[in-house]
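The values are calculated or read from the model by the stated rules, or taken from the named source; none is laboratory data. Note that the structure is a prediction, hence the values are computed from the model and not measured. With ideal geometry, Cβ positions are generated from the backbone for all residues, glycine too; neighbour counts draw on all protein chains shown. Accessible surface areas use protein heavy atoms only, side chains included; no ligands, DNA or RNA. Shrake-Rupley method; radii C 1.70, N 1.55, O 1.52, S 1.80 Å.
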Amino acid sequence: MKEKNNQGQIEFDLIAILKTGWINRKTLVISGIVGAILGVVVSLLSLDKYTSGSVIIPNSNEDTSVNGGIASLASFAGVNLGGMSGDVVPILMYPRLVRGIPFMKEVMNSNIVYKGDSIKVIDYILDYSNHPKVRIKKYTIGLPKYILDLLQPKADKEPIEYKSDQIVFLSDEEKIVYDLLNEFIVIMPDIDEGYVQISCTMYDPIPAAQLTSIVSNLLQKRITELKIEKAKADLYFVEGRFEEAKQKFNDKQKELALFKDRNIKVATEVAKIEENKLQNDYNIFYSVYSELAKNLENARITVQEDTPVFSIIQPPVVPMEKSSMSRKIQVIIWTILGGFVGVGLIYYKEFRVIFINRWNQIK
């Protein structure tokens, strides 16, 4: 299998290497069979996965002609300004937004239809999804709690909730579901094309499509809220000032009308001065009221203009084919891996002796 040249270096004979493998072919066959058996076991234990996807395009109502012109000029210089826009939340931030705990809690508390019943996503994942992590947690570490929950009356099973405006609290079950949802949900933004792809992978095709729809709708809702947050705050402020000005204007209008009614036949200078004063106050309040009315309409228009419009290119579809690797391919891959392990074992034994001898020869 080896020859020694004049310089004392070892040369390997390819034919000898191949013959060594042929002589030890029994080891290769056994390792291949073991790999195939492991492949069958793994394929039987693994669950089928189904992936549903949706594609949306966030359209901005803002005038982006200036930004578009700058971007087109920059493209000639090889500079990519794809993220430059007037959007409050660029599409590159969508994955981080979805993976946020507040967003995931909304997803958990959303309802899906499973076997004719409307249940929350968190209840479906914990009770029906058959995810390995849920089963391991439920029947090993969480087995005592699971037994106590079964024995405990339903009236005593009310969870203790911690509520705070500044702190987000996750229970043990919510933490498990939060980690699983991060595995199930994938958000892939494309800056160049300007679209966002949403995909959800689960062990049941219908819940996978429903979860995709929930994530898509909640994402559009959240982006809309963030986009018009400032415009809505301005609108609420203007509405408050408008109502105050309206009330003051109405009061001053009544006061002026009552004064005129009471002094309809009075022509004294004092009455005229008082009437002029009331008239001037009326005019001022009317001007303020009229201006705020215009500002209120502008604020309402701004809210409408800032509200983003999402174009749904591809709605969620119930997947008909499995997205996970087929069992046949799994068995083939494990068989090949077993063969490689056998080859490694054979030549490890052969070359280990050669390596040790050569190592000992070098002073």
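Quick one: is PHE355 open to solvent by 100 Å² or more (accessible area, probe 1.4 Å), modelled with pLDDT under 75 and out of contact with any Lys or Arg (no Cβ under 7 Å at 6 or more places or on another chain)? Considered against the rule, which asks whether it is open to solvent by 100 Å² or more (accessible area, probe 1.4 Å), modelled with pLDDT under 75 and out of contact with any Lys or Arg (no Cβ under 7 Å at 6 or more places or on another chain), PHE355 comes out as yes. Among the residues here, LYS26 qualifies as modelled with pLDDT of 65 or more, more than 30 Å from ILE313 (Cα to Cα) and either open to solvent by 60 Å² or more (accessible area, probe 1.4 Å) or in contact with a Cys (Cβ under 9 Å, 6 or more places away or on another chain) (or both).
Keeping to the stretch 310-319, report how many residues are over 19 Å from the mean Cα position of the chain (by Cα) and either surrounded by fewer than 14 Cβ atoms within 10 Å (Cβ to Cβ) or among the aliphatic types (A, V, I, L, M) (or both).
Of the residues in the stretch 310-319, the ones over 19 Å from the mean Cα position of the chain (by Cα) are 318-319.
Among the residues that remain, those that are also either surrounded by fewer than 14 Cβ atoms within 10 Å (Cβ to Cβ) or among the aliphatic types (A, V, I, L, M) (or both) are: 318.
Number of matching residues: 1.
Does ASP281 fit the bill of being modelled with pLDDT under 90, open to solvent by 50 Å² or more (accessible area, probe 1.4 Å), in a helix (DSSP H, G or I) and more than 30 Å from THR27 (Cβ to Cβ)?
Numbers: modelled with pLDDT under 90: yes; open to solvent by 50 Å² or more (accessible area, probe 1.4 Å): no; in a helix (DSSP H, G or I): yes; more than 30 Å from THR27 (Cβ to Cβ): yes.
For ASP281, the condition - modelled with pLDDT under 90, open to solvent by 50 Å² or more (accessible area, probe 1.4 Å), in a helix (DSSP H, G or I) and more than 30 Å from THR27 (Cβ to Cβ) - is not met.
In the stretch 202-213, is there at least one residue being part of a strand (DSSP E or B) and either free of Cβ contacts under 8 Å to residues at least 40 places away in the same chain or under 19 Å from the mean Cα position of the chain (by Cα) (or both)? Yes, the stretch 202-213 contains a residue that is part of a strand (DSSP E or B) and either free of Cβ contacts under 8 Å to residues at least 40 places away in the same chain or under 19 Å from the mean Cα position of the chain (by Cα) (or both). Does THR302 qualify as being within 19 Å of PHE242 (Cβ to Cβ), open to solvent by less than 70 Å² (accessible area, probe 1.4 Å) and assigned to a helix (DSSP H, G or I)? The answer is yes for THR302. Checking each residue of the stretch 254-271 against the condition of being assigned to a helix (DSSP H, G or I) and within 30 Å of LEU226 (Cβ to Cβ) gives no match. The residues listed here are GLU229, GLU255, GLU244, GLU269; of these, the one that is at pLDDT 90 or above and open to solvent by 80 Å² or more (accessible area, probe 1.4 Å) is GLU244.
Taken as a whole, the structure places LYS49 among residues that are closer than 30 Å to THR201 by Cα, open to solvent by 60 Å² or more (accessible area, probe 1.4 Å), at pLDDT 70 or above and charged (D, E, K, R).
Output the number of residues of the stretch 79-132 satisfying the condition of being at pLDDT below 80 and open to solvent by less than 60 Å² (accessible area, probe 1.4 Å).
Restricting attention to the stretch 79-132, the residues satisfying the condition of being at pLDDT below 80 are 79-89, 129-132.
Still in the list and also open to solvent by less than 60 Å² (accessible area, probe 1.4 Å): 81-83, 85-87, 89, 129, 131-132.
Count: 10.
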